[in-house]
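Worksheet: the structure to be examined is printed underneath.
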Amino acid sequence: MLHDAHGWWIAEAGPPPALPPLAEDAEADVVVIGGGFTGLWTAWHVLEAEPGARVVVLEADRCGFGPSGRNGGFVQSMTLSRATLHELFGVRAGDELVAASEETVRAIGAWCEAEGVDAWYHAAPHLVVYAAPGQEHKFGAPGEGVVALDAAQVRARCDSPLFTGGLEAAVGATVHPARLAFGLRERLLARGVRIYEHSRVRGLDGSEARTDAGRVRAGAAVVAVGPASGALRPLRDRLTVSSSHIVLTEPVPDVVEAIGWTGGEAISDGRTLLHYLRTTRDGRILFGWAGGRMAAGARPGGRMEVDPDVIARARADLVRFFPALEGRRIERAWGGPIDVSPTHLPFVTTLPGGRAHAAFGYTGNGVGPSHLAGSALAALALGRTGGAAALPIVGPPPRVPPEPLRVIGAAAIRQALVAKEAAEQDGRRPNPLVRALAAVPGRMGMHIVR
Ligand SMILES: Cc1cc2nc3c(=O)[nH]c(=O)nc-3n(C[C@H](O)[C@H](O)[C@H](O)COP(=O)(O)OP(=O)(O)OC[C@H]3O[C@@H](n4cnc5c(N)ncnc54)[C@H](O)[C@@H]3O)c2cc1C
């Protein structure tokens, strides 16, 4: 098995040649910092709103080489969070957000179609399955756009001996994330966006971004640096950073066929630190687990990118889900950092000074929502109101506890959740300390990873 920080998707897509770094000072209407989905979609939406706008993207590494190009490829709406959104924002605003997030899932598919980008977009429902005792109690009654499934119905879609029921959200899709990121980058270049790679922004003064080699003076700046947001002073107390890992099988079309998982459904289970699984166009099974560690000081790298312990557990869990995979090869394993917000929703916010705007906090669900956040960021950068800029995720984000309390407390809670969910899976009752710690986020009104 190859442990590879970049993951399989990027290798499969065949990354395009790197673009030269920024070498001299430049001017723009909008400078976008970060070439993941948030930054790239922002650039796209700016051009949609103002085709003549001058847009510069500054990317520290290469566009799509961060989490955007190596995630699970679930394109999810917020339908399953409707009850939480009602609680946080009221019924009307919550429903508007769900509708906008569903529209985003479709819009990504329509974009691939219109632009001729083969990102393996496949519209299919998202199933939440109950794969251990107690998971069915975590969800309320299915709301609009969601139906309940019994064990037979779930197992007819994907036959794992662990599945005892679930929920189906009708609006969903999967993509090949690296193909989508590279396709988007290419279409932006074709529309005249200036993209500089290996151009890390070291400082932002209002809306002027500085790299080692030059400055970009712009009317507005957009900060779209994903989990690196946690290291920025104004956002430091708004998110924590944890990690998620993926194992990917060799092509196993015979197993996929035998378990009847031929509809391409994206599946996650009812854990808080969830498992997520899907098939690929070439007959593989991708299996992820959000049980990685916390990053102290929100610093990415090291075990955020590849954690052999987490990978080993994910691999063992995969075979528990699908015993027919015993003895089949795991070809690749990789991970990456996740920007976690207290509500587990992304936030789009204007930074002090008013000339720069940022989006972060996707909590492992950014492939769909980054398109929506990009639309809001584009509107803010162009000084427009209404549309996506009026959604309730736009505004000051909630705070998390300060460091070092945050990382110590969050790591302890995460450990407790891992222990609690492992005990539940084995039909044991978790010990009282573990139960008490695992209940802390709920008592504080924090919603941690789905
Ligand atoms: C293993 C894994 C699985 C996941 N699975 C899913 C999934 O199935 N579905 C889903 O919806 N979400 C998933 N996610 C989350 C999803 O990948 C992210 O939410 C999404 O990609 C966010 O995109 P982004 O552009 O905000 O951030 P990123 O992809 O992190 O992009 C930020 C970019 O900013 C650059 N950058 C950082 N600092 C600087 C700087 N100073 N100057 C210039 N550039 C900088 C980085 O190099 C990077 O390219 C997963 C994440 C991981 C790690």
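The values are calculated or read from the model by the stated rules, or taken from the named source; none is laboratory data. This one's a predicted model, so the numbers in the text were calculated from it and none came from an experiment. Virtual Cβ from ideal backbone geometry, glycine too; neighbours counted across all protein chains shown. Protein only, heavy atoms only, side chains kept; ligands, DNA and RNA dropped before computing areas. Shrake-Rupley method; radii C 1.70, N 1.55, O 1.52, S 1.80 Å.
General remarks:
- Förster-model FRET efficiency, 30 Å R0, residue 435 and residue 320, C-beta, rounded to 0.05: 0.85
- Working note: Karplus 6.51/-1.76/1.60 with θ = phi - 60° gives the stretch 57-70 the couplings 10, 10, 10, 5, 10, 10, 4, x, 8, x, x, 4, x, 9 Hz, where Gly and Pro are set to x.
- GNM flexibility winner over the chain from 236, 185, 429 (Cα, springs under 10 Å): 429
- Between residue 205 and residue 49, the contour length at 0.36 nm per residue exceeds the alpha carbon distance by 53.6 nm.
- Calculated from the alpha-carbon coordinates, the chain shows an Rg and a Dmax of 20.9, 62 Å respectively.
- Modelled label positions at residue 384 and residue 24, each set 7 Å beyond Cα in the direction of Cβ, lie 3.3 nm from each other.
- In the full protein context, the stretch 76-150 carries 46 Å² of accessible surface per residue, based on a 1.4 Å probe and ignoring ligands, DNA and RNA.
- Using the rule -39500 (n - 2.57) for each DSSP H run of four or more residues, divided by the residues of the chain, the 222 nm mean residue ellipticity is -9500 deg cm²/dmol.
- The stretch 12-170: relative contact order in percent, alpha carbon pairs under 8 Å with at least 6 residues between: 16 percent
- Accessible surface of the stretch 90-170, 1.4 Å probe, proportion on carbon and sulfur as whole %: 56 percent
- Helix runs (DSSP H) in the chain reaching 27 Å along axis by Cα, Kyte-Doolittle at least 0.0: 91-115, 405-425
- In terms of the mean number of neighbouring beta-carbon atoms within 10 Å, the peptides 115-127, 15-27, 272-284, 56-68 order highest first as 56-68, 272-284, 115-127, 15-27.
- Amide H contacts of residue 215 (H built 1.01 Å from N, under 5 Å, at least 5 apart or other chain): 25, 26
- By average C-beta atoms within 10 angstrom, highest first, the peptides 8-14, 374-380: 374-380, 8-14
- Relative contact order (%) - criterion: Cα under 8 Å, at least six apart; region: the chain: 22 percent
- Couplings 3J(HN,Hα) for the stretch 204-220, derived from phi with the Karplus relation 6.51 cos²θ - 1.76 cosθ + 1.60 (θ = phi - 60°), are 10, 10, x, 10, 9, 9, 10, 10, 5, 9, x, 10, 10, 8, 9, x, 8 Hz, where x marks Gly and Pro.
- The stretch 153-237, relative contact order [Cα under 8 Å, separation at least 6], %: 11 percent
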